[in-house]
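Every read-out reported here was derived from the displayed coordinates using simple, explicitly stated rules and does not represent laboratory data. Please read all numbers here as calculations on a predicted model, not as lab measurements. Note: ideal-geometry Cβ built from the backbone for every residue, glycine included; neighbour counts use all protein chains shown.
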Amino acid sequence: MEERLSRIQRLMTSLTQELLGAMNDMLSGVFDPATIMQFMRNYGIDMSQLSGMVSQQPGFDPYRVLGLDRTAGNDEIKKRYHELLRKLHPDTSGTPGTSFLLQIVMAAFEMIKRERGWQ
């Protein structure tokens, strides 16, 4: 049983790392969000569960998700966050899969807020 759980954990870590790379490409405009949705359907992954799991992974870098350096100023972080909100919001993007990315971006911003002590 323990071996099986370990194997599942390794698989989820691998899938999460693959997804983080794809998400980074997507935010750069290289990757189609519909592909992420297809990937998630193929593996039977729930969007809300996955966004929480992704943000908990050791390789998750909230600054990378927002496309910024750790040295970015507060105003720059907030500006980039709002740009991504507009870009990924389902009402404005019209592209399937962006709601998942929106959740990831929001999780990244929340992590940065906690790290920097913002209200």
TODO: Place the peptides 1-10, 80-89 in order of packing, highest mean first, counting for every residue the other Cβ atoms within 10 Å and averaging per peptide.
DONE: 80-89, 1-10
Open item on the list: Give me a comma-separated list of calculated 3J(HN,Hα) values for the stretch 110-118, in order, Karplus coefficients 6.51, -1.76, 1.60 applied at θ = phi - 60°, integers in Hz, x for any Gly or Pro.
Closed with: 4, 5, 5, 4, 5, 4, 8, x, 7
- [ ] At 7 Å along the Cα-to-beta-carbon direction for both GLU115 and THR71, put a label point, then send me their distance in nm to one decimal.
- [x] 1.5 nm
- [ ] Quick one: what are the phi-derived ³J(HN,Hα) couplings along the stretch 82-95, Karplus 6.51/-1.76/1.60 with θ = phi - 60°, whole Hz, x for glycine and proline?
- [x] 5, 4, 5, 4, 5, 5, 9, 4, x, 6, 9, 7, x, 10
Task: ³J(HN,Hα), Karplus 6.51/-1.76/1.60, whole Hz, each residue of the stretch 65-73, x for Gly, Pro - done: 4, 7, x, 10, 7, 5, 8, 4, x
